[in-house]
Amino acid sequence: MTTERYFYEPSKGHGLSHDPLNAIVAPRPIGWISSRSTQGQRNLAPYSFFNCFNYKPPIIGFASTGWKDSVANIVDTGEFVWNLTTRSLAEKMNQTSAMLPRGEDEFAFAGLTPKAGTIVQAELVAESPVNFECKLSQCIQLTAANGDKIDTWLVLGEVVAVHIAKHLLNSEGVYQTALAEPVLRAGGPSAYYGISEEQRFDLHRPQV
């Protein structure tokens, strides 16, 4: 293994053909976020800067570069839904990333079925096997180390309802991650990855 390192300071540019940041912090779960405007217009968009941040209460979040429709809808209504992206839904998820004219429905554009939420007004993606209904907890504008505000918004939401396809739970009630075939975003303009049971390994936390 070589000890030679490529070094750069992000503020001065990376000097590579593609920014390596999101290829290094990868693969990442996809925030496939559905929301609804105050006028009732549906919106569905994927975000690759997404993760889970707290157990009790469960908090998930995604970051949006720019004040996009998803952020505006969530701030206005206080609600959204996260929908699990699986391998069979990857192409449709990708379609929902298209820059459609304002007011055009991404559900219809991608051939997806909107399903009414149980608690929130935003619709679920019916084809997705896992959905989290969420209530907005915080919307934070990010800042640089020097305090300058960045045009990026971190949206955090409390999961208030969970929908799981029953075939993804085994007889002991344990969720089968690989069985769902989740799609994970990697680096570059087009790279995604899946996971399989063959890649699994187990580690138990040390008892000290």
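Only the coordinates and a few stated rules stand behind these numbers; no lab work does. None of the values given here were measured: they were computed from a predicted structure. A quick note on method: Cβ atoms are made from the backbone with ideal geometry, for glycine too, and the neighbour counts reach across all protein chains shown.
Remarks
- Unit charges at the beta carbon, dipole of the chain: most positive-side option, L142, M93, I195: L142
- Here segment 29-196 is treated with +1 on each Lys and Arg Cβ and -1 on each Asp and Glu Cβ, and its dipole about the Cα centre works out to around 140 debye.
- Taking label positions 7 Å along the Cα-Cβ direction at both T65 and Q41, the computed distance is 2.3 nm, reported to one decimal.
- The lysines within cross-link reach of K115, meaning a Cα-to-Cα straight distance under 26 Å and a gap of 8 or more places when in the same chain, are K68, K92, K135, K166.
- Other residues lying with their Cβ under 15 Å from the Cβ of T152 contribute a combined charge of -1, Lys and Arg counting +1, Asp and Glu -1.
- Within the shell defined by Cβ-Cβ distances under 13 Å, the residues around G111 carry a net charge of -3, with Lys and Arg each +1 and Asp and Glu each -1.
- Between segment 98-126 and segment 59-79, the Cα center-to-center distance that results, in Å: 15
- Cβ-derived FRET efficiency at R0 35 Å, A186 paired with Q121, nearest 0.05: 0.55
- Where only DSSP H runs of four or more residues are counted, the chain gives -2500 deg cm²/dmol as its mean residue ellipticity at 222 nm, each run worth -39500 (n - 2.57).
- Estimated distance in nm for a label pair at A108 and E172, the labels positioned 7 Å out from Cα along Cα-to-Cβ: 4.8
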